Amino acid sequence: MSSKSLILRNISKRFGNVIALDNFNLEVGVGELVALLGPSGCGKTTALRVVAGLEHQDSGTVLVANENISDVPAHKRNMGMVFQAYSLFPNLTVEENVAFGLQMRKVSKHVRLKKAHELLDLVGLDSQSKRFTHQLSGGQQQRVALARALAFEPEILLLDEPLSALDAQVRVNLREEIRRLQLSLGTTTLFVTHDQEEAMALSDRVGVMNNGVLEQIDTPDTLYNKPATSFVASFVGTMNRIPAQLSDGHVQLFGKKIPVLKNSNESGKVIALVRPESISIKSTESDANAKVLTRLFMGASSNIVCQTKDGTVIQSLRSSAESGDLHPGSAVKLEVTNKEVLISNA
Amino acid sequence: MAKALRAKFQPPLVITLLILGLFVFLPMMSAFEYSIRTPLTGGYGWTHYIWAVTKDDFFHYILRSMWLAGVTVLITLFVLVPTLTWLHLSNSKVRGLIDGLSLLPLVIPVVAFAVGAQISFPEFVQNTVLELPFLYFVLALPYAYRSLDIGLNSIPLKTITEAARSAGANWWRTITAVIVPVIRGSVMATIALTFALSLGEYTLTVLLHWDTFPTWVTNVAQDNILGAIAISMMSLIIPFLILTVITLFVPERSTQGRK
């Protein structure tokens, strides 16, 4: 069975007084990997569970290949799912776990074991097929869970923070593996995470959620460089928040007049949102507007934390070679290199 | 080797085994010794056992009690496993109430229970011996409920249930192919408890005027006390052997926590 498109239309879901999803809309194309990113409690996992049929929405429709599946029970939806917690069946061996979905579909034992070995081979665990799940490490268990979710050729693959229980190194390896498998099998995938690095590294598009609403869905590049809202700007990557005065659609930053991204006729105090890499820094004594607090060496680049005369703390990301002469206490001149800046209310 | 043995048999375990031996095995061994006495010759022999198994009704009543106990086990599992699974998954406030209700059979006198059953059961149920398993089920409820409850508490029930459902298992398959095998230990304990309790139940059976193995043994005991003890010994050993065979035939798959 091939991969299919997924559409969530006007989905709302409440838990008591808490609104988990508020008129939520999402489209995932065939073979696309979309991540839902957001802080805890933003509704991203609820959205995934609604797609899986493990939670039923109060209103709205779920469409797979334009077919309404809102009332189809979870076991008939043909969606593979990998959970945050280890979810393998402890009474079954690794190969039996992977073959479980095919067993439920009444596929003959010979065929399902053959398929299980194919999938285990893909995730590099064929040699462990006869072991029980408690004999595997956390990373191996999640690999088996991934193989189990893919073994019955699901129309859609759902990943609910599958890497969050793993060590840093295992996480990076496994996320690359997930992407490789997803691309080679072409499975439409919805991936839920609170880790922005993971979302950005893995996905074709990332949807940023806040309070049950999709704030913005775009490619990782657009999301980072052109955030649609101040929440997205602050949530994705590091952002300097610099107090500024808005007038005629421009803000004054370190003596330079810069147009704001969303033209506004209002005027008054605002917060300009500027990425650390968009702050240039120059060691100077004559026209200094800040001094260095610390320099965090990170290999090829360094994060220089400065404080302006009015007390605002600003981070500047520069190459380590170019910022080697900056030390705590150095007088520096900061400048914003952006052609436009995003603002939020002060 | 000696070190390993010492590590295995630590004082608390030894004391527990001694107490268990004193209170359980000593009376059983004494009863056994008594049952093989032959007062006429002053020695030991199998006379009373032979007398028991050659009695016309021995197999009739023991088989009847065993199949009634078997039906009770089935009712217990069919009712309790899905109910407890639902209670655990739904996180319902009703769970506390049902926890409490499941203890009621311990405090309600069996006489009241028997009278209640006579009043509430429809006549066609009262006319058949099959009314007994339903009542035995209620009597075994406090133990069976707790045994399964502990099993379900010890596993990540929500995650594995959802994993099974998203992999294509309906509720029936989720329970039979995943939940029951994963809590196999608790299920086996429930079977053993329910089976043993049903097999030995006397008061309720007598009050409802049914004859089962325990009531038959009581009648027989009036003629031959040593024979009755021999029968009692057999009624202990036979279910024990049956449960051991069941345990051996159900393959051990749930090996969680063991390396």
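Each value in this text was obtained by applying a stated rule to the coordinates, not by laboratory testing. Computed from a prediction, not measured in an experiment: that's the story for all the values here. Positions of Cβ are backbone-derived with ideal geometry, glycine not excepted, and every protein chain shown enters the neighbour counts.
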Euclidean distance of C-alpha centroids, region B:2-54 and region A:197-240, integer Å: 74 Å
Whole-angstrom gap from region A:97-169 to region B:162-179, using each part's C-alpha centre: 16 Å
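With a/c under 1.5 counting as rounded, go ahead and sort region B:79-171 into rounded, prolate or oblate using the C-alpha gyration tensor (a ≥ b ≥ c being the square roots of the eigenvalues; past the cut-off, prolate if a/b is larger than b/c, else oblate).
On the way: a/c = 3.06, a/b = 1.96, b/c = 1.56.
Prolate.
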In nm, the gap between the two label points placed 7 Å beyond Cα toward Cβ at residue A:110 and residue B:129 is 4.8 nm
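Averaged over peptide B:155-165, how many Cβ atoms belonging to another chain are found within 10 Å of each residue's Cβ? Can you show the working numbers first?
Values: counts 1, 5, 0, 4, 6, 8, 2, 10, 14, 7, 10.
Per-residue shielding by partner chains comes out at 6.
Could you rank the peptides A:190-201, A:174-185 by their average count of other C-beta atoms within 10 Å per residue, with the highest value first? All intermediate terms of the calculation are to be shown ahead of the outcome.
Details: A:190-201: 21.0, A:174-185: 17.1.
Descending mean neighbour count gives A:190-201, A:174-185.
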Of B:160, B:191, B:231, the one that fluctuates the most in a GNM where chain B has Cα springs shorter than 10 Å: B:160
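What do the square roots of 5 times the Cα gyration tensor eigenvalues come to for the protein assembly as shown, in whole Å, largest first, as semi-axes of the equivalent ellipsoid?
Values: eigenvalues 970, 146, 113 Å².
Working from the Cα gyration tensor, I get semi-axes of 70, 27, 24 Å.
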Among the complete DSSP H segments of chain B, which ones combine at least 20 Å of alpha-carbon extent along their axis with a mean Kyte-Doolittle hydropathy of -1.0 or more? B:58-90, B:131-153, B:184-200, B:225-249
Whole Å is fine, so just give me how far the alpha carbon centre of region B:117-159 lies from that of region B:68-103. 8 Å
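For peptide B:174-187, how many partner chain Cβ atoms fall within 10 Å of a residue's Cβ, on average? Mind dumping the intermediate values first?
Values: counts 2, 0, 0, 6, 5, 2, 1, 4, 4, 1, 1, 0, 0, 0.
Mean inter-chain Cβ contacts per residue within 10 Å come to 2.
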Using +1 at the Cβ of each Lys and Arg and -1 at the Cβ of each Asp and Glu in region A:6-232, identify which of A:213, A:23, A:124 lies farthest towards the dipole's positive end. A:124
Straight-line reach only, C-alpha to C-alpha below 22 angstrom: list the lysines that residue A:262 could link to, leaving out same-chain residues fewer than 8 apart. A:226, A:339
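With runs of 4+ DSSP H residues as the only contributors, calculate the mean residue ellipticity of the protein assembly as shown at 222 nm using -39,500 (n - 2.57) per run, divided by the residue total and rounded to the nearest 500. Write out the running numbers ahead of the final one.
Numbers: 23 runs with 268 residues, N = 605.
Result for the protein assembly as shown, helices only: -13500 deg cm²/dmol.
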How are the Cα pair distances of chain A distributed, in percent, across 10 Å bins from 0? 5, 21, 25, 20, 15, 9, 3, 0, 0
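Rounded, prolate or oblate: which fits region B:1-132, taking a ≥ b ≥ c as square roots of the Cα gyration tensor eigenvalues, rounded meaning a/c under 1.5, else prolate when a/b beats b/c? Before the final figure, lay out each step's value.
Values: a/c = 2.63, a/b = 1.22, b/c = 2.16.
Oblate shape, in that a/c is at least 1.5 and b/c is the bigger or equal ratio.
I need the peptides A:36-42, A:146-152 ranked by packing, meaning the mean over residues of other C-beta atoms within 10 angstrom, with the highest value on top.
Details: A:36-42: 19.9, A:146-152: 26.3.
The densest-packed peptide leads the list: A:146-152, A:36-42.
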Using alpha-carbon positions, the gyration tensor of chain B gives root eigenvalues a ≥ b ≥ c; with a/c under 1.5 called rounded, otherwise prolate if a/b exceeds b/c, else oblate, the class is oblate
Inter-chain Cβ neighbour average for residues A:91-103, partner chain, 10 Å: 4
Top mean-square fluctuation among B:80, B:199, B:248, Gaussian network model of chain B, C-alpha springs under 10 Å? B:248
